[in-house]
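The values are calculated or read from the model by the stated rules, or taken from the named source; none is laboratory data. Keep in mind that this is a model prediction, so the values were computed, not measured. Cβ placement follows ideal geometry from the backbone for every residue including glycine, while neighbour counts extend to all protein chains displayed. Keep in mind that these areas ignore ligands, DNA and RNA; they rest on the heavy atoms of the full protein, side chains included. Shrake-Rupley method; radii C 1.70, N 1.55, O 1.52, S 1.80 Å.
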Amino acid sequence: SNIAGSFFSGYASSGSFNRSGVNYASGAKTPLAAALSAVFLLLIVLLVAPLAAYLPVASMAAILFIVAWSLIDFHHINEIIKLHKREGIVLAITFFGTLVDLEKGIFVGILVSLIFYLYRTSQPSIRELAPLKSEIDDPRRKFVRAGTDAPSCPQMTMLRLEGSVFFGAVEHVQQQLRNVDEYDPQKKHVIIFSRAINFIDLAGAEMLSKESARRQRLGGGLYLVGVQPSFYGMLNRGGHAEAVGRENIFDHKGEAIQAIYPRLDCDICRSCTARIFLECQRALPDGTPRQPDS
């Protein structure tokens, strides 16, 4: 419309939050309200323009203030301030920034919100799991969050990773994996339940392949369970699936534990009293782990 209007000395069309706010407060549901308001404005200019000249500017300002007041969501503002500290900071920065400059204030608010988002995603949740005690014999292999008093395997740790493994989170995830054997050198095997990993980039795939190689040098291994197609695709495209070992990538928990159990140190298994896996219950009389086909 602006291109066509420039050839006929037409007024430039534009958008305005004030006009959108008035339409919204009046119950408008579609953009047709803006088109109809343009038609009504044309009729006013043609028919009652002389009378509109006597309309006080202060009264128009009052209308805009009333509309603006009705658009303030006090309920959610109070909720953000009370319950969400970081979102409250974003709200305050954006509010005071727009008092100085509307556009720059909004941009600063978006930037601060992005910083907080990157900070959250750079520290994905990593929880240690343990088999549900009452259902150790259940082949469905149900797991719960490991507690301080819950028995655990002395050679293997099971972790559930939730979030994205991208370049900003690599250091955090890598340190958490290293903490496992730093606190207990016997825990050389690590299972990562990765069904909740929604995204992984090249840096994350490289980190996993390096961690797998490090654990193999220690005499253990890194195992991935429940890998999503996009996750596996990234590992496969970069050649990291071979580095981790396709034999170390499993679809289900039971399949993974059944394959990993024979790789554990038999001497440690003989003296272990935890017996948290189904395979532990089926060990030979002297405590030696059975092979899958035994």
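Filtered by the rule that a residue be touching a residue at least 12 places away in the same chain (Cβ under 8 Å), open to solvent by less than 10 Å² (accessible area, probe 1.4 Å) and over 23 Å from the mean Cα position of the chain (by Cα), segment 225-247 gives V244, G245. Pairs are defined by a Cβ separation below 9 Å, a sequence spacing of at least 6 or placement on different chains, a first member in segment 250-269 that is of a type in the set (S, T, Y), and a second member that is at pLDDT 85 or above and surrounded by 17 or more Cβ atoms within 10 Å (Cβ to Cβ); the pairs so defined are Y261/M156.
State yes or no: is A243 touching a helix residue (DSSP H, G or I) at 6+ places or on another chain (Cβ under 8 Å) and small (G, A, S)? Considered against the rule, which asks whether it is touching a helix residue (DSSP H, G or I) at 6+ places or on another chain (Cβ under 8 Å) and small (G, A, S), A243 comes out as yes.
When we screen R120, R140 for residues that are of a type in the set (D, E, K, R), out of contact with any helix residue (DSSP H, G or I) (no Cβ under 6 Å at 6 or more places or on another chain), modelled with pLDDT under 90 and in a helix (DSSP H, G or I), the only hit is R120. Looking across segment 177-208, the residues that are small (G, A, S), outside any loop (DSSP other than H, G, I, E, B) and open to solvent by less than 10 Å² (accessible area, probe 1.4 Å) come down to G204, A205. Suppose we filter F65, F40, F95 for residues that are in a helix (DSSP H, G or I), farther than 30 Å from G10 by Cβ and modelled with pLDDT under 90; which single one remains? Only one candidate passes the filter, namely F65.
Close contacts from segment 99-124, counting a first residue that is surrounded by 14 or more Cβ atoms within 10 Å (Cβ to Cβ) and a second that is polar (S, T, N, Q), with Cβ to Cβ under 6 Å and a gap of 6+ residues or different chains, come to G105/T94; G105/T98; G109/T94; T121/S164. The single condition among (1) part of a loop (DSSP other than H, G, I, E, B); (2) open to solvent by less than 90 Å² (accessible area, probe 1.4 Å); (3) modelled with pLDDT of 80 or more that K29 does not satisfy is (2).
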